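A short worksheet on the structure shown next.
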Amino acid sequence: MAWKRRSVWRGLVAGLAGGFVASWTMNEFQKGWTAAGKALTDGKASKPQDPAENPTAKTANAIVQTIIRRPLTKEEKRKSGPIVHYAFGTMLGGLYGAASEVVPLMRIGNGVPYGAAVFLGADEIALPALKLAKGPAEYPVSTHVYALASHVVWSATTEGVRRLVRWAM
């Protein structure tokens, strides 16, 4: 990127695009991981979590309950969970894109350290602290590996798309 001047605004836009695409990619990766787990265990893999009970659906419920003073129905939770996931992933992508303009070291390792930090900060610390997920010790190691791998896919995709969009700008 030495051929272009640094621009926080362009970095933000490129990061937002990257975070959005990466959120979709992360979902697809998780579907593939789950399918592979079922195939490897002859369909005896653990039952996936109800989408209405995952942390993004719980977050949506908490936000809406604060605003309209009523909880979401199970169906509303199922629909709003992905909205929270995409909004959060897109927002963090934008933050990454803007920050990487000011601190190019952010891009080291194709953004993977950033993804690991997001995993640690969001999944391991914030969600349990906000009572939107159980504490880290209550999940098997395989769940942490799955979540970390998902965030690595997210961050590498965010960086790849960010770089492409930024180059085009």
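The table for this structure:
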item	result
Expected 222 nm ellipticity per residue - DSSP helices of 4 or more, -39500 (n - 2.57), all of the chain, to 500	-23000 deg cm²/dmol
Straight-distance crosslink candidates among aspartates and glutamates, where the alpha carbon sits under 20 Å from LYS134 and sequence neighbours closer than 8 are dropped	ASP50, GLU53, ASP123, GLU124
Per residue solvent-accessible surface (Å²) - segment 51-169, probe of 1.4 Å	54 Å²
Under the Debye formula (equal points on every Cα, no solvent term), log10 I(q)/I(0) of the chain at q = 0.08, 0.14 Å⁻¹	-0.27, -0.79
Mean Cβ neighbour count within 10 Å, used as a protection proxy, ranking 137-146, 12-21 highest first	12-21, 137-146
Max mean-square fluctuation residue, GNM over the chain, Cα-Cα springs under 10 Å, options THR73, THR59, THR158	THR73
Simple label model, 7 Å out from Cα along Cβ direction - LEU130 to VAL64, nm	1.6 nm
Integer Hz, Karplus 6.51/-1.76/1.60 couplings in order for segment 111-122, x for Gly and Pro	x, 4, x, 5, x, 5, 5, 5, 4, 4, x, 7
Protein accessible area in the chain, 1.4 Å probe - carbon and sulfur %	69 percent
Fully extended contour minus Cα-Cα distance, from TRP9 to TRP24, at 0.36 nm per residue	3.1 nm
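The values are calculated or read from the model by the stated rules, or taken from the named source; none is laboratory data. Since the model is a prediction, treat every value here as computed from it, not as a measurement. Virtual Cβ from ideal backbone geometry, glycine too; neighbours counted across all protein chains shown. With ligands, DNA and RNA removed, areas are computed over all heavy atoms of the protein, side chains included. Shrake-Rupley method; radii C 1.70, N 1.55, O 1.52, S 1.80 Å.
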